[in-house]
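These notes concern the structure reproduced below.
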Amino acid sequence: MKNFNTPKAPRMSQAFPQAVIADKFIFVSGTPGLDPSTGAVVSADFEDQTRQSFQNIKTILEEAGSGLSSVVKTTIFMVSGNDFGVINKVYGEFFPENPPARSTPQVMPFPAGILISVECIALIA
């Protein structure tokens, strides 16, 4: 097992890695819609944050030797329970065929205006 971090995606906290690689799997930590260049929330808009969160996941996976097509499970933590339509739209953009299993719990508010955080489990390509 080894921790994995890439400077090409924002890191939520120094307390935990962006991902952990174990055997043939990569476990990506909760990843919000932060701008990779500034580390700040990309926008106050839920759809913008959702799209950026998945873009950050994509970058982490690719840098770790995997990719979105190897994702087997996602967990999407969202502050508002009324945003499933937006999540489904963006999810379809990133997983147009054979989408992975998914859980989408509503959670208490995140700090700093974060509205969504996504984690996933993928196979190493």
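In segment 113-125, the residues that are farther than 13 Å from Thr74 by Cα reach residues that are among the aromatic types (Phe, Trp, Tyr) and surrounded by fewer than 23 Cβ atoms within 10 Å (Cβ to Cβ) with C-beta atoms within less than 6 angstrom, at least six apart or across chains, in these pairs: Leu115/Phe46. Taking the numbered list (1) touching a Ser or Thr at 6+ places or on another chain (Cβ under 8 Å); (2) modelled with pLDDT of 95 or more; (3) buried (at least 16 other Cβ atoms within 10 Å of the Cβ) in turn, Met12 passes all entries but (2). Considering only residues in segment 25-37 that are farther than 18 Å from Leu68 by Cα and in contact (Cβ under 8 Å) with a residue 12 or more places away in the chain, the one that is surrounded by the fewest Cβ atoms within 10 Å (Cβ to Cβ) turns out to be Asp35. Among residues of segment 14-54 being polar (S, T, N, Q) and part of a strand (DSSP E or B), the one that is nearest to Lys73 (Cα to Cα) is Ser29.
Taken together, the residues in segment 57-72 that are surrounded by 17 or more Cβ atoms within 10 Å (Cβ to Cβ) and touching a strand residue (DSSP E or B) at 6+ places or on another chain (Cβ under 6 Å) amount to 7.
Results for (1) exposed (fewer than 14 other Cβ atoms within 10 Å of the Cβ); (2) under 14 Å from the mean Cα position of the chain (by Cα); (3) among the hydrophobic types (A, V, I, L, M, F, W, C), shown as yes or no for each residue.
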{"site": "Pro17", "(1), (2), (3)": "no, yes, no"}
{"site": "Asp23", "(1), (2), (3)": "yes, no, no"}
{"site": "Ala44", "(1), (2), (3)": "yes, no, yes"}
{"site": "Met78", "(1), (2), (3)": "no, yes, yes"}
{"site": "Tyr91", "(1), (2), (3)": "no, yes, no"}
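Of all the residues in segment 68-119, those that are farther than 20 Å from Met12 by Cα, outside any helix (DSSP H, G or I) and not hydroxyl-bearing (Ser, Thr, Tyr) number 14. Considering only residues in segment 93-125 that are among the small types (Gly, Ala, Ser) and farther than 19 Å from Ala22 by Cβ, the one that is surrounded by the most Cβ atoms within 10 Å (Cβ to Cβ) turns out to be Ser117.
The values are calculated or read from the model by the stated rules, or taken from the named source; none is laboratory data. This one's a predicted model, so the numbers in the text were calculated from it and none came from an experiment. Don't worry about glycine lacking a Cβ; one is built from the backbone with ideal geometry, like all the others, and counts go over all protein chains shown.
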